[in-house]
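*Asks:* This is the structure, below, for whatever I ask next.
The values are calculated or read from the model by the stated rules, or taken from the named source; none is laboratory data. The model shown is predicted, which means the values in this text are computed figures rather than measured ones. Glycine gets a Cβ as well: all are built from the backbone with ideal geometry, and neighbour counts include every protein chain shown. Surface accessibility is based on the protein's heavy atoms, side chains included, excluding ligands, DNA and RNA. Shrake-Rupley method; radii C 1.70, N 1.55, O 1.52, S 1.80 Å.
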Amino acid sequence: MAKRRQFLRTTTVGLGCVLAGCSAIGSSNKNSDSDQPSNLQKFENDTPKDPVVIEARFARSESTEADLRAALDIISIPPSGKYGSVNLVLDAVSDFTPFSASVDTLHHVDSDGFEEIRQGIWKWNGQSNAPNLTVDIEIGERAGINYGTYESTVFASYGSHVHGVPASFNAQYRPNDELDIPDGATTDIPVEIDIMLEDQGFGSRHSEAFVVFGPHERVRLSDDDFELYTVGLPDFFPDGHGPVAIARSLHNVRQTLRLGGGIKKAHGWTIPQENVAGRAYGTEDDIGEFTATRDLGTWFHEYLHLEQQFNLGDDLIWFKEASATYFEELVGLYLGSFEYSRFYRFVSNFSWSEAVSDISDPTHAMAYGAGALLGALDAEIRTSSGDTTLAAVFRSMNDYNGTISYDLFADFVAEAAGERLDGWLEENVLEPASTSVPNDPKLFLNRDQYDIPQKYELKVGEVEHHTVGIGGNSESPTDSQVSWESEPSETAKKSLAKPVVQYINALDRNNFDAATAVTHSEAKTNFKSTYNTARNGKYVIQTIDVDIRNKHYVVSLMVVFKNKESDGSITFNWDIEMMKENSQWKLYRII
């Protein structure tokens, strides 16, 4: 079967001078005693208008000493003119230096019409009409950067490792002996590059993007104007959360918090390395890239950084990590990742001997620790306003076009709280902080009061699940490789409803720890309780959420069925409605 190709971008590269000096060529180059153009202007006017066109195809290298292979075919070169000819050079010494790597990371494999005039510099000989050059790219292990090869899968940077290779081509028009012009005079010729990913490659096309080649698993979730990909290797997603569950959870984070970042597309990648933290790589053309680990909270945290579409002043540097940390904890509570008691331990108090406004390093340990300070501020806003949360401040910051100063931040807080909180902010932001939060679960869990969407209101979105080259599948599928035609049986659903009944009755008694204990096998870890209701598999409750409609509880469940005979799984969503009899909530119907 022919290899699958995916066109990522066509780009035009601005070019400099290589291996020769350049003379400025301007409109003033006319003979002083006539209207006739000067020799320099004649040469400039003779420069070809058509670009050099290069097709760059990328795949995994066949060599054990490299990671990627780039096949660079020169599709067209403008012909020589009356006063000059085209000079084409790939300069890996000056132009291809990802992360300050040495020229040794680019290795010659094969060529036709190119000769290496110096290590790392290849020049077209001017004779071949269809020149080509094949090079291997050695990425290697880069701790903390997250690029490289894991078993047979290659993770690369689009901007550095993929686009960076053909972008190292320089094309100039150089004079012949027809005219008497200064030595070293050249003009640049544009270079257009078509980049194709082969070998099951996938990725987006901006400078901060990741690209994967070889076996991987990915999920695409789309909903109206939002598109989310979760990509990586199965073993490196969080326990109990494959790429489908991660995609749905992140979609729920977006819809629940509604922070107003305006992200149109996000790519989240697993990291095939141990002891490496996640990282948000920023947003370009409304596409955000981030990496995460086996920890579910890291997925939330790094995605939340993409929602931070604001510029912070010097006294708010701490807010970047503090807000991602606080909302990571808050949404973990909302989505049932852990119980209220853990959340309260996080926000209950914060103190530091210095002012957080003095933090100049965004990765300072206390910038993360100040997430608890924002929890206290959120409690102040909720108490003062009665119906608004810190998320409203975050949205105002995203809506503002400019750098946000401390004074402007205080204005946004006052707008959300319905009153000035300047004294509280001065004492805990501009001065050494000491905050405390009352142990009131309803302050954070009363969704109706604070207009926080219930799970049953959230849109599910369309999901496409692809397993590429994993489990014996060597081709790129067009449809999900994991699917079942039937829904869980009614017996299975009723079995799952039993712990839900316990959950609701504990919730009705305001015993939040008892309620969440029902949906957690261990109080401090992600939910893993399993109900064996089928001979060939098991059902696992991923998330649980509650609302009251017409005096009836409606409980929304996300349940994953895991097949015992394969690595496959499938996610179901349904509602369980409950009614009260003799002071006890009981199963009414499964919707």
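*Asks:* If E284 meets every condition in (1) in contact with a helix residue (DSSP H, G or I) (Cβ under 7 Å, 6 or more places away or on another chain); (2) closer than 25 Å to M397 by Cα apart from one, which number is that one?
*Replies:* Checking E284 against (1) in contact with a helix residue (DSSP H, G or I) (Cβ under 7 Å, 6 or more places away or on another chain); (2) closer than 25 Å to M397 by Cα, the one that fails is (1).
*Asks:* Before we move on, is G297 open to solvent by less than 10 Å² (accessible area, probe 1.4 Å) and part of a helix (DSSP H, G or I)?
*Replies:* no
*Asks:* Okay, moving on. For N439, indicate whether it is more than 30 Å from D223 (Cβ to Cβ), at pLDDT 85 or above and of a type outside the set (A, V, I, L, M).
*Replies:* So N439 passes the test.
*Asks:* Please go through segment 205-223 and give me each residue that is open to solvent by less than 10 Å² (accessible area, probe 1.4 Å) and in a loop (DSSP other than H, G, I, E, B), ordered by number.
*Replies:* Residues satisfying the conditions are H206, A209, G214.
*Asks:* For segment 68-80, give me each residue that is more than 22 Å from H163 (Cβ to Cβ) and either modelled with pLDDT of 90 or more or open to solvent by less than 10 Å² (accessible area, probe 1.4 Å) (or both).
*Replies:* Passing the criteria: P78, P79.
*Asks:* As an exercise: evaluate G232 against (1) open to solvent by 40 Å² or more (accessible area, probe 1.4 Å); (2) within 29 Å of G262 (Cα to Cα) and give the number of the one condition it does not meet.
*Replies:* The single condition G232 does not satisfy is (1).
*Asks:* If V13 satisfies all but one of (1) over 15 Å from G164 (Cα atoms); (2) of a type outside the set (G, A, S); (3) modelled with pLDDT under 80, what's the number of the condition it fails?
*Replies:* Single failed check for V13: (1).
*Asks:* With modelled with pLDDT under 95 and open to solvent by 10 Å² or more (accessible area, probe 1.4 Å) as the only criterion, which of A156, A143, A185 stands out?
*Replies:* Of A156, A143, A185, the one residue that is modelled with pLDDT under 95 and open to solvent by 10 Å² or more (accessible area, probe 1.4 Å) is A143.
*Asks:* Right, another one. On the basis of being small (G, A, S) and either within 22 Å of G278 (Cβ to Cβ) or in contact with a strand residue (DSSP E or B) (Cβ under 7 Å, 6 or more places away or on another chain) (or both), does G369 make the cut?
*Replies:* Judged against the criteria, G369 is a match.
Rundown of residues vs (1) within 17 Å of E328 (Cβ to Cβ); (2) at pLDDT below 95; (3) under 29 Å from the mean Cα position of the chain (by Cα), yes/no style:
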residue: A367; (1), (2), (3): yes, no, yes
residue: A372; (1), (2), (3): yes, no, yes
residue: L377; (1), (2), (3): yes, no, yes
residue: I381; (1), (2), (3): no, no, no
residue: G402; (1), (2), (3): no, no, yes
residue: D411; (1), (2), (3): no, no, no
residue: L421; (1), (2), (3): no, no, no
residue: L430; (1), (2), (3): no, no, no
residue: N446; (1), (2), (3): no, yes, no
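*Asks:* Then there is this: Show the residue pairs that are 6+ apart or on different chains and have beta-carbon atoms under 7 Å apart, the first residue being within segment 430-443 and within 29 Å of S405 (Cβ to Cβ), the second being open to solvent by 70 Å² or more (accessible area, probe 1.4 Å) and among the charged types (D, E, K, R).
*Replies:* Going by the 7 Å Cβ cut-off, the qualifying pairs are P432/E354.
*Asks:* Return the total of residues in segment 249-279 being out of contact with any Lys or Arg (no Cβ under 8 Å at 6 or more places or on another chain), under 22 Å from L330 (Cβ atoms) and open to solvent by 30 Å² or more (accessible area, probe 1.4 Å).
*Replies:* Residues in segment 249-279 being out of contact with any Lys or Arg (no Cβ under 8 Å at 6 or more places or on another chain), under 22 Å from L330 (Cβ atoms) and open to solvent by 30 Å² or more (accessible area, probe 1.4 Å): 4 in total.
*Asks:* Sticking with this structure for a sec: For L179, which of the numbered conditions (1) in contact with a helix residue (DSSP H, G or I) (Cβ under 6 Å, 6 or more places away or on another chain); (2) crowded, with 18+ Cβ neighbours inside 10 Å fails to hold?
*Replies:* Every listed condition holds for L179 apart from (2).
Yes/no per residue for (1) of a type in the set (D, E); (2) in a strand (DSSP E or B):
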residue: E302; (1), (2): yes, no
residue: Q308; (1), (2): no, no
residue: E321; (1), (2): yes, no
residue: T325; (1), (2): no, no
residue: F350; (1), (2): no, yes
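*Asks:* If I ask for residues that are closer than 14 Å to F346 by Cα and open to solvent by less than 10 Å² (accessible area, probe 1.4 Å), which ones from segment 361-377 would you list?
*Replies:* Scanning segment 361-377 gives A370, G371, A372, L373, L374, G375, A376, L377.
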